[in-house]
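Here the structure comes first, spelled out in structure tokens, and everything after it is commentary.
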Amino acid sequence: MTDPLIALRPWQAPELTSWRRLPMNAVDRRPGALGLDGDWRFHLLPAPDAPLPADAWTTSAVPGVWTVQGTDDLPGYLNVRMPFPQFPPHTPDADPTGVYEREIDVPAEWAGRRIVLQVGAAESVLLVHVDGEPVGVSKDSHLAAEFDLSGTVRPGRPSTLRLTVVKWSDASHIEDQDQWWHGGITRSVLLYATDPLHLADVGVRAGRDGRLRVDCQVRDARGALPAGWYVTGDLDGRPLTQDTEFDRANAEDERVSGFLGEARIETVVPDVRTWNAETPELYTLTVRLHRADGTVADTATQRVGFRDVEIVGRDLLVNGERVYIRGVNRHDFHPLTGRTVSREDMRADLALLKRFGFNAIRTAHYPGDPALYDLADELGLYVVDEADIEAHDHAHEIADDPRYLAAFVDRVARMVLRDKNHPCVIVWSLGNESDYGANHDAAAGWVRRHDPSRPVQYEGAAKRGWADPGVASDIACPMYAPLEECLAHALSGTQTKPLIQCEYSHAMGNSNGTLADHWAAIEATPGLQGGFIWEFWDHGILQRVSDGRPAGPAGTGLYGGGTTAPGYRWAYGGDFGEADHDGAFIADGVVFPDRTPKPVLFEHREIAAPVRIESYRHEGIVLGNHQHFRGLEWLAATWELALADGRTLTAPAHLPALRPGETAAVQLPFALPDDGGEAWLTLRVTTAEDQPWAPRGTEVCSPRTPLRPAGPPKPTRPGGEPVRLDGDGLLVHPLLTAAPTLSLWRAPTDNDELGGTAPRWRELGLDALVRKLSSVERDGARVTVVAEYAAAAGVVLHRQVFTPFAGGLRIDESAELPPEFSDVARVGSVFETVAGLDLLEWFGQGPWESYPDRAAGAPVGHHASPVDALFTPYLRPQESGGRHGVRRFTLSAPDATGLAVELDAPRQVSVTRFRAEDLTAVTHHDQLVPRAGCVVHLDAAHRGLGTASCGPDTFAAYLVPTGVHRWSWTLRAL
């Protein structure tokens, strides 16, 4: 007998968004529900209409994706292109289909009650059967589907529940997001029961003026509503009662229905504590549905935050305040389970974002798990809630395709219906990268009618112009718009909407250059209000090297620090045998797959600092409160004074009582020594008490200011050991295994490769310089060596002057770059040391990695690190480990022997175990073989990082110019 659901072929019917699926609502039914998570019987069929074998069932974890659970259908990554050639709405004949089955025992006490199945998420088409009978169909891979099983299951008797998940469908064409393609049931499955008379939906409006309005929808599963029902409620124990005036008005307008009841309860909270991302105050609301005799038929409980969101002119306001949106885009991701993320993981994600100064997330590019919004309410994060719509490969065709109209409206409407009561949600997003058409206008119209309390945004509407008042976006939210264009728009006099970029800095590999420059412009320019970094995660899936399979939910190769245990690696596009893929473009987050912060997070933390050093005057330090709603009482601080002589002085700091936007002068806590040396003051700011997102003592920011600039380098007197050169004019030194030579090349970053810079460098021949000795001249103890470095594009003249002094050697260098060598990676020296020098100590910026255009988050001070910890393990090996603004450093062995280098000015320095060619030659870190000694780069100039893998390149100020570059340094033994 043919299954009617299979015969319907819903996976190729875009007009069909669901069948017998219940309407979405905002009532949380998880408390008291019967959880169905765990191991289910499982078959993976080659197509949805393939026969189901009667035996050979395996098991699969629910929630989970079968693509990481040992099947032959493995993950695949494409950014824009679909993984099959068929045009919408068609799909390939080979269409992996997972059949999940288990017995369910409905409690006997549920007899006579309404019984509902909730499937948290399934991608991409869900077919439900009970005891072989069809129950329903749902699409939308990232929202729950509910089905009424009251007439299908029998309480007290077992039933067989079958969930069939079809991987490819017409819906896949509008779920073409930049992420791994998976298949499975990715969120929890549960059964719950209600009284037949139940709360079908509850809608909350809670404003900053303390006014609370709760709109209730009531249904009865048996048919017509019984007479005499009513609703009551309380807010933190404060009683609310049904609004009889609302009832009367409904009756007069003939809005009273026999099957849908509407009721409203209201109150005004005096001295209300408002909700915002800095002080996320919440109240507990309980709503009760009563029968005519007063007994309670149903109850709903949720947390409520009082806040307003509005757009006034070109400003987005929260509670009347113009807030900066310091956001990040976030996918559902886990390196072991793929798309399935636990509540604990989500809390860890959001807590980490709070610790690094973020106050907003965009749920790119689909609604998150309901727990995500509960946590954002609690911890304090603004949310741009985005519908599960991205038609990237076929965007233009689908945006106006009436066959997909219902899907657009359905997905947006269901998101709004589910999440409307969360104070964290401040903007509704219609989706991502789906061109712009009538389907978007229809969805926007539904949202504006249902929820006029929040703005609507859609990036694709930017094609009509940022100032166009008639499009389906209340916010100008372009992606990767150059800063100069944003500034020009804000200063043009034509701006009509807030400008908040939905993506503006791409965190692929060693990236996010010019982030501080962007924020300096944003904070200085009315009309610019922030944006969202792309993105939170590097989506590396833990992979066993031995067989190339995903490690799976029970994987043991998580190592920490962004690295993996031996025998494992982070897989990216192409690593699972995909013939068509987009490589490491999936690794573009501010954290590694194990949630280890990348260096950019420290940059962002400083950019978003709640308290800052505004200026230094002889009479004191001026501090400012850069928050929107909160004072500084939740913070503690310590002063640190880093002196050039190697000392670091500390003193307690007493933060002044400042309201948002206020400044105050505080007394300088130290008396500067009279030695005239460089001095830097840093304010280490931490949490004064435990926060929901961080324990007491967690560092929040470290603003710093120079108190005294560096003086000229100490003079050296000629003398000491004669300079030794080999036959090629290269320095021979007992602590070096490779002499200092000119370096113009770096292992290309992802930005260098995808932005087109690295290919141009290869055309210039910078990766294959050929050194030719020109001359060696001796003038007493001083030796001058001139060499030519030939490349495909020309010759660079390099001069080294070696001057020995007592205990060391001074090296003065210059390199003349002809016009053909514009915008090279670096100009500087590279040398290698003997083995055993495993500790780097330096005076400069740190302790984490920094580069010329990403150095705001690295305070100047005295730092130390094992050499092996200096290298940053970006998923595709590339230039990393640099430290900006280094004045001097030592490399030492455990017995304190080693070498010391002092630079003529703050320079870019890197010390790692890898040559640039080592990094360039491999694709993953498990292929790297560390060298025994250290590879040291001293750069007179180093190119900025930019974000050109997807977005603007670095600014002109951070490019390496042509002409003559000069630098000098001293080398001595410890």
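The values are calculated or read from the model by the stated rules, or taken from the named source; none is laboratory data. Every value quoted in this text rests on a predicted model; they were computed, and no experiment measured them. Neighbour counts run over all protein chains shown; Cβ positions are idealised from the backbone, glycine included.
Scanning segment 555-565 for residues that are out of contact with any Ser or Thr (no Cβ under 6 Å at 6 or more places or on another chain) and without any contact (Cβ under 8 Å) to a residue 24 or more places away in the chain, we see that the one that is nearest to ASP588 (Cα to Cα) is ALA565.
Exactly one residue out of ALA221, ALA193 is touching a strand residue (DSSP E or B) at 6+ places or on another chain (Cβ under 9 Å) and crowded, with 20+ Cβ neighbours inside 10 Å, and it is ALA193.
Among the conditions (1) modelled with pLDDT of 95 or more; (2) in the same structural domain as GLY676 (by TED's automatic domain parsing); (3) surrounded by 19 or more Cβ atoms within 10 Å (Cβ to Cβ), ASP575 misses just one, which is (2).
The residues listed here are ARG549, ARG544; of these, the one that is in contact (Cβ under 8 Å) with a residue 40 or more places away in the chain and among the charged types (D, E, K, R) is ARG549.
Tell me, yes or no, whether segment 390-398 has at least one residue that is hydrophobic (A, V, I, L, M, F, W, C), within 14 Å of ILE174 (Cβ to Cβ) and surrounded by fewer than 24 Cβ atoms within 10 Å (Cβ to Cβ). Yes, some residue in segment 390-398 is hydrophobic (A, V, I, L, M, F, W, C), within 14 Å of ILE174 (Cβ to Cβ) and surrounded by fewer than 24 Cβ atoms within 10 Å (Cβ to Cβ). Screening ALA671, ALA710, ALA664 for residues that are farther than 25 Å from GLU841 by Cβ and surrounded by 13 or more Cβ atoms within 10 Å (Cβ to Cβ) leaves exactly one candidate, ALA664.
For segment 597-614, the condition holds for at least one residue, the condition being that it is under 30 Å from ASP393 (Cβ atoms), in a loop (DSSP other than H, G, I, E, B) and not hydroxyl-bearing (Ser, Thr, Tyr). Does any residue of segment 457-471 turn out to be over 24 Å from GLY327 (Cβ atoms) and of a type in the set (Phe, Trp, Tyr)? Looking for residues that are over 24 Å from GLY327 (Cβ atoms) and of a type in the set (Phe, Trp, Tyr), one finds none in segment 457-471, hence no. Restricting attention to segment 324-382, the residues that are surrounded by fewer than 24 Cβ atoms within 10 Å (Cβ to Cβ) and among the β-branched types (Val, Ile, Thr) add up to 1. If the condition is being in a loop (DSSP other than H, G, I, E, B) and in contact with a strand residue (DSSP E or B) (Cβ under 7 Å, 6 or more places away or on another chain), then segment 333-352 contributes PHE333, PRO335, LEU336, THR337, ARG339, THR340, VAL341. Looking at TRP639, TRP634, TRP693, TRP680, just one residue is farther than 30 Å from VAL786 by Cβ and in contact with a Phe, Trp or Tyr (Cβ under 9 Å, 6 or more places away or on another chain), and that residue is TRP639.
The set of residues in segment 477-536 being assigned to a helix (DSSP H, G or I), more than 25 Å from LYS598 (Cβ to Cβ) and in contact with a Leu (Cβ under 8 Å, 6 or more places away or on another chain) consists of LEU487, HIS489, ALA490. Would you point out the residue of segment 159-190, among those that are among the polar types (S, T, N, Q) and part of a strand (DSSP E or B), that is nearest to the chain's Cα centre (by Cα)? Step by step, filter segment 159-190, then rank; the result is GLN179.
For ASP767, the conditions (1) surrounded by 21 or more Cβ atoms within 10 Å (Cβ to Cβ); (2) over 30 Å from ALA609 (Cβ atoms); (3) in contact with a Ser or Thr (Cβ under 9 Å, 6 or more places away or on another chain) all hold with the exception of (1).
Just so you know, in segment 816-826 the residues that are out of contact with any Leu (no Cβ under 6 Å at 6 or more places or on another chain) and assigned to a strand (DSSP E or B) include one that is farthest from GLY963 (Cα to Cα), and it is ARG826. Annotation: ALA835 fulfils all but one of (1) within 30 Å of VAL732 (Cβ to Cβ); (2) assigned to a strand (DSSP E or B); the unmet one is (2).
Residue count for segment 294-312 satisfying the condition of being without any contact (Cβ under 8 Å) to a residue 12 or more places away in the chain and in a loop (DSSP other than H, G, I, E, B): 2.
A single member of ALA413, ALA476, ALA462 is in the same structural domain as TYR366 (by TED's automatic domain parsing) and in contact with a helix residue (DSSP H, G or I) (Cβ under 6 Å, 6 or more places away or on another chain), and it is ALA413. Reported count of residues in segment 263-302, each being surrounded by 16 or more Cβ atoms within 10 Å (Cβ to Cβ) and either in contact with a helix residue (DSSP H, G or I) (Cβ under 6 Å, 6 or more places away or on another chain) or hydrophobic (A, V, I, L, M, F, W, C) (or both), is 13. The single residue among ARG448, ARG411, ARG403 that is in a helix (DSSP H, G or I), within 17 Å of ARG362 (Cβ to Cβ) and of a type in the set (D, E, K, R) turns out to be ARG411.
Can you say whether GLY258 is outside the structural domain of PRO660 (by TED's automatic domain parsing) and closer than 21 Å to ASP293 by Cα, as far as the supplied structure shows? Yes: the conditions hold for GLY258. Scanning segment 853-872 for residues being among the aliphatic types (A, V, I, L, M), out of contact with any Cys (no Cβ under 9 Å at 6 or more places or on another chain) and assigned to a helix (DSSP H, G or I) gives a total of 1. Of all residues in segment 893-905, those satisfying the criterion of being under 17 Å from ALA864 (Cα atoms) and not hydrophobic (A, V, I, L, M, F, W, C) are PRO894, ASP895, THR897, GLY898, GLU902.
Inclusion of THR267 among residues that are at pLDDT below 95 and not assigned by TED's automatic domain parsing to the domain that holds PHE358 is warranted.
Take ALA61 and decide whether it is of a type in the set (A, V, I, L, M), modelled with pLDDT of 95 or more and not assigned by TED's automatic domain parsing to the domain that holds PHE333. Answer is yes for this residue. Just to be sure, is ARG760 among the charged types (D, E, K, R) and under 30 Å from VAL611 (Cβ atoms)? For ARG760, the condition - among the charged types (D, E, K, R) and under 30 Å from VAL611 (Cβ atoms) - is not met. Inside segment 635-656, residues that are in a loop (DSSP other than H, G, I, E, B), at pLDDT 95 or above and in contact with an Asp or Glu (Cβ under 7 Å, 6 or more places away or on another chain) make up a count of 0. Here is a list: SER865, SER822. Which entry is without any contact (Cβ under 8 Å) to a residue 60 or more places away in the chain and farther than 26 Å from PRO718 by Cα? Matching residue, one of SER865, SER822: SER865.
Among the residues of segment 879-922, those identified as of a type in the set (Ser, Thr, Tyr) and either within 37 Å of the chain's Cα centre (by Cα) or buried (at least 21 other Cβ atoms within 10 Å of the Cβ) (or both) are SER880, THR890, SER910, THR912, THR920. When you look at SER968, is it in contact with a strand residue (DSSP E or B) (Cβ under 6 Å, 6 or more places away or on another chain) and under 28 Å from PRO734 (Cα atoms), yes or no? So SER968 fits the description; yes.
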